[in-house]
Each structure stands twice: as structure tokens, then as C-alpha cells.
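K.L.:
Before we start, here is the structure in question, set down as C-alpha cells.
The values are calculated or read from the model by the stated rules, or taken from the named source; none is laboratory data. Keep in mind that what you see is a predicted model, and the values were worked out from it rather than measured. Every residue, glycine among them, receives a Cβ derived from its backbone with ideal geometry; neighbour counts consider all protein chains shown. Protein only, heavy atoms only, side chains kept; ligands, DNA and RNA dropped before computing areas. Shrake-Rupley method; radii C 1.70, N 1.55, O 1.52, S 1.80 Å.
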Number of protein chains: 2
Amino acid sequence: MGDLREDFTRHISSEFNEELEELCGDLLKMGGLAERQVQLALQAQEQFDSELISQIKDAEQSVNAWELRIDELVAEIIARRQPAASDLRLVLAVSKIVRDLERAGDEANKVALMAQQAAESTRFSTVGAVEVRAIGERVGRMLSDALTAFARLDAEMALQVARNDRDVDAIYQSALRSLATFMIEDPREIGNVLNVMWVLRALERIGDHATNVAEHIVYLVKGTDIRHLSVTNVEDRIRATPDRV
Amino acid sequence: MGDLREDFTRHISSEFNEELEELCGDLLKMGGLAERQVQLALQAQEQFDSELISQIKDAEQSVNAWELRIDELVAEIIARRQPAASDLRLVLAVSKIVRDLERAGDEANKVALMAQQAAESTRFSTVGAVEVRAIGERVGRMLSDALTAFARLDAEMALQVARNDRDVDAIYQSALRSLATFMIEDPREIGNVLNVMWVLRALERIGDHATNVAEHIVYLVKGTDIRHLSVTNVEDRIRATPDRV
């Protein structure tokens with residue numbers, strides 16, 4: 001293992017090195033903005049402030065622009081450098097990861113807009129605040145860890161992200177059940193509870209996207225595609241595989 | 001414009017032609033399976049039958065296997081053939097499209113599992129059946145049209161898919177509002193209505209994935225990336241751009 005910078009020193013063409021470094025740097029910048037969208041959305045859920053919405057929209061526009069730019073860079077690098085083996089895996093993984101980062105940001109936007117709706121509703125409510133915080137903190141950390149795992153090409157850390165997703169799913173399912181019960185007990189809260197359910201759903205999707213990013217990193221480092229395998233099977237297989245970068 | 005087969009005849013290497021044809025053929029096979037998942041899920045919503053669930057699970061496994069296989073084929077083609085220009089755009093678009101097809105299939109699975117839950121619930125209900133059918137038919141057709149647009153490299157048809165997504169979103173939002181009202185009026189139906197809401201949500205996501213596929217096709221044919229643009233702006237720009245394949 002090692003960081004990205006180190007791995008690229010082995011290329012003969014220093015320009016190619018620079019291009020790959022730029023690509024990975026851009027991905028991390030884009031990831032930082034998606035992370036920011038999530039953090040702002042969670043802030044908006046804690047205490048709504050319309051300023052947060054405009055900051056999220058700015059971040060969203062940058063994320064979208066980065067997505068297009070990185071996809072172009074991927075195509076340029078492939079056309080000009082004809083990468084093979086682990087370089088090609090890296091470039092193709094980046095092209096998949098951008099999509100998940102962009103979508104994680106989209107879900108964060110939804111979370112912020114639902115905070116706005118809740119703030120504008122006539123009926124103040126703190127229902128579901130604990131669940132939103134619990135899941136929000138977890139998926140925010142998953143996204144951040146997935147990006148760190150990419151920067152360090154750390155398959156073990158990426159696997160931890162996938163493991164954490166199981167916890168998030170369990171908390172999410174249990175929160176939905178208790179919110180449904182709460183709704184039946186107090187139908188006046190139906191509007192508020194539905195809002196919280198959509199927020200939780202969006203947060204849970206952010207966890208899914210972080211997990212997708214993590215899966216691409218495992219593929220990148222280990223050369224093993226772990227999509228569509230259960231986490232337990234994956235762990236056994238991955239531990240037995242040496243790093244390939 | 002023309003079909004994929006025709007476009008590939010211009011390659012000097014007939015093996016390369018065959019590989020690109022194989023890639024596109026595989027994508028269409030995978031797409032057919034994802035479509036089948038959606039159709040089976042809608043059938044399960046109309047009239048639940050546990051046999052449908054096992055058919056959907058079979059289709060899901062094939063879709064997952066195709067996703068991995070197509071991604072491998074993409075990497076092989078890039079490494080061996082070093083495609084440029086429109087060939088490279090095609091190969092990269094395929095690599096993006098598989099992800100959306102797989103996720104559309106995932107959402108179809110959720111729809112089928114919710115049909116199972118509803119069938120097992122003690123309280124029979126037809127609430128939301130009309131909305132599920134209306135949105136289900138539309139997104140099923142969008143997915144099917146997106147695949148046809150790919151097979152024909154037809155940007156106009158792909159744009160129509162994106163336009164249809166606006167209608168689906170409008171129907172979806174209006175259905176959610178009326179279902180929330182219904183819940184408040186008859187809290188005994190809360191469980192059933194929540195189930196319908198999750199079904200509609202999953203169907204709406206299938207429409208989003210079909211739209212993503214369509215956007216990749218427009219990029220492929222026109223060389224213009226229409227992600228993150230509004231449909232109206234896109235239409236003006238696209239009509240002014242000649243096909244590039």
C-alpha cells in the first residue's frame with residue numbers, strides 16, 4: 001500500500017504521472033464538495049437557515065461541473081496515454097466514483113430542501129431528530145472515510161465503509177418501523193413523520209453511494225470486484241489477496 | 001444516424017468491430033433482463049404470486065453477472081484496442097449505462113418485495129393501485145425506449161425519454177400529496193399507504209435511471225453532455241448539433 005503520489009513515481013512519462021495525479025486530485029476536490037453538501041444538509045436539519053440552502057446550491061453546481069470535467073479528463077487520458085493494467089483500473093474507477101459522489105450530493109440537497117419544508121410548516125416538531133442525527137453522522141463519516149481510503153488506496157478502510165453500511169441499514173429499518181408506529185398513534189404528526197422518513201431515506205442512499213465508492217476502491221487495490229457479494233464473503237477473499245498497486 | 005451494426009463497419013480491424021458489437025449486444029441483453037425485472041415487479045404489484053419473486057431473483061443474478069462481465073469487457077477493449085474519438089465515447093458510455101441498468105433492476109426488486117409484504121399483510125387494500133399502474137407503465141416504457149434509443153443511436157428518442165421523466169415526476173409528486181391526505185383521513189390505512197409510497201418512490205427512481213441512460217446516449221450521438229442541464233435548454237442545443245457517429 002502507499003499513497004497515490006508514491007505509486008505514480010514508477011511511470012516513465014512524468015507528464016502521465018502528473019495527469020493521473022491531477023485526476024485523483026480533482027476527484028478528491030469533488031469529493032470534498034460532496035462531503036460539504038452532506039455536512040451543510042445535516043446542519044440545515046439541526047437548525048434551518050436559508051443561507052445554508054444557497055451554500056449547498058453553490059456546492060452542487062461545483063460538483064456537477066467537476067463531474068463533467070473529470071469525465072472529460074478520463075476520456076483524454078485514455079485516448080492520449082493508453083493506460084494499461086492498474087493505471088487503467090484507476091482511471092475507470094475514477095469514472096465510476098464521480099457518479100456516486102454526484103448522486104450523494106443530490107441526496108444531500110434533498111435533505112436540505114426537506115429541512116426547509118419542515119421549517120416552513122406550521123407545526124413544529126422534533127420527531128425523528130435523534131434518528132436523523134444518528135444516521136446522518138454515520139453516513140457523513142462513511143463518505144469521508146471512503147474518500148480517505150481512495151487517497152491512501154487503503155482497501156481495509158474501504159471494507160470498513162461497507163461494514164458500516166450494514167449498521168446504517170439496520171438503524172434505518174428500525175427507525176422506519178418506529179416512525180410508522182408513531183404515525184398511527186398520533187395522526188396529527190403524519191406530515192412531519194413523512195418528511196423525516198424521506199430525509200432518512202436520502203441519508204441511507206448517501207450511505208449506499210459511499211459504499212459504492214468503497215467497492216470501487218477495493219477493486220482498484222485488490223483487483224477483485226466485490227459488488228454483488230456479501231460483506232462476510234468479501235472479507236475472507238480480500239484478506240487472502242495481496243495489494244495490486 | 002443508423003444502427004450500431006452499420007456504424008461499426010467502418011473499422012479497419014474486423015475483430016475490433018466484433019468486439020464492439022459484442023459489447024453493445026451484451027449491454028442490450030443486460031438491458032432486456034433489467035426490463036424483465038421491471039415487468040415482473042409490476043405484475044407482482046397487480047397480482048402477487050411468489051413464483052414472480054423467484055423469477056425476479058434469477059433475473060437479478062444475471063443482471064449482476066452481466067454488469068461485472070461488461071465492465072471487464074470495457075477494460076479489455078480499452079487495453080487492447082486503444083479506442084479513440086467516437087469508439088472511446090461508446091465504450092465509456094456503456095460502462096456508465098450498465099450501472100444505471102443494474103440499479104433500475106435493484107429498484108424493481110424492491111417493488112416486488114413490497115408487493116410480497118402487501119400480499120402478506122392482514123389488511124387488504126387497493127389504495128394507490130391506479131398511481132402505481134400509471135407510473136409503472138410509464139417508467140417501464142422509458143427504460144424500454146432508452147434501450148431502443150441505444151440500439152439505434154437515436155438522440156431524438158433518447159431526449160423523449162428525458163421529457164417523459166418530467167411527467168413521471170409530476171405524477172409522482174401529486175400521488176404523494178394525495179396519499180398523504182388519504183393517510184390523515186383514514187389512519188387505519190397508514191401501513192398500506194406507506195407501502196405504496198415506497199413502491200412509487202422505487203418506480204420513480206427507475207425513471208431516473210432510464211433518463212440517465214438516455215443522457216449517455218445523447219452524449220454518445222451528439223458529443224454534448226446534457227447531464228445537469230434543463231430539458232428545454234438541452235432540446236435547443238441538441239437540435240442544432242449534427243450527429244457525430
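K.L.:
Can you give me the accessible area per residue for the protein assembly as shown, using a 1.4 Å probe, in Å²?
P.N.:
Normalised by residue count, the accessible surface of the protein assembly as shown is 42 Å².
K.L.:
Can you tell me which of B:Thr181, B:Thr122, B:Thr148 moves the most in a GNM of chain B? Springs connect C-alpha atoms under 10 Å apart.
P.N.:
B:Thr122
K.L.:
Under the rule that an exposed site lies in a DSSP loop and has at most 15 other Cβ atoms within 10 Å, name the longest stretch of chain B with no trypsin sites (Lys or Arg not before Pro) of that kind, not counting the sites themselves.
P.N.:
B:124-243
K.L.:
Can you tell me the orientation of helix B:14-46 relative to chain B, as the angle in degrees between its alpha-carbon axis and the longest Cα principal axis, to the nearest 10?
P.N.:
10
K.L.:
Just going by the charge dipole of the stretch A:4-239, with Lys and Arg at +1 and Asp and Glu at -1 on Cβ, which of A:Ile135, A:Leu40, A:Asn109 is farthest out on the positive end?
P.N.:
Positive-end residue among those listed: A:Ile135.
K.L.:
Which percent of the accessible area of the stretch A:48-149 is formed by carbon and sulfur heavy atoms (probe 1.4 angstrom)?
P.N.:
Carbon-and-sulfur percentage of accessible area, whole number: 48.
K.L.:
May I ask you to derive the relative contact order of the stretch B:34-144, considering only C-alpha pairs under 8 Å and at least 6 residues apart, and to give it as an integer percent?
P.N.:
45
K.L.:
Could you calculate the contour length gain from B:Arg237 to B:Glu22, that is, 0.36 nm times the residue separation minus the distance between their Cα atoms, to one decimal place in nm?
P.N.:
Here the segment from B:Arg237 to B:Glu22 would lengthen by 74.2 nm.
K.L.:
For the cross-link pairs A:Lys96/B:Lys57; A:Lys29/B:Lys110; B:Lys29/B:Lys57; A:Lys222/B:Lys96, which exceed 28 Å when the distance is taken from alpha carbon to alpha carbon?
P.N.:
Long pairs (Cα-Cα over 28 Å): A:Lys29/B:Lys110.
K.L.:
So for the stretch A:4-239, averaging the separation of alpha carbon pairs under 8 Å that are six or more residues apart and normalising by length, what relative contact order in percent results?
P.N.:
Computed value for the stretch A:4-239: 24 percent relative contact order.
K.L.:
Let me ask something else. Could you identify which residue out of B:Gln160, B:Gln39, B:Gln47 has the top mean-square fluctuation in a GNM of chain B using Cα springs shorter than 10 Å?
P.N.:
B:Gln47
K.L.:
Sticking with this one: At a probe radius of 1.4 Å, figure out the B/A buried accessible area, summed over both chains, and give it in Å² to the nearest 100.
P.N.:
3400
K.L.:
Measuring from a point 7 Å out along Cα→Cβ, what nm distances, shortest first, does A:Ser121 have to its partners in the other copies?
P.N.:
The projected label point of A:Ser121 is separated from its counterparts by 2.0 nm.
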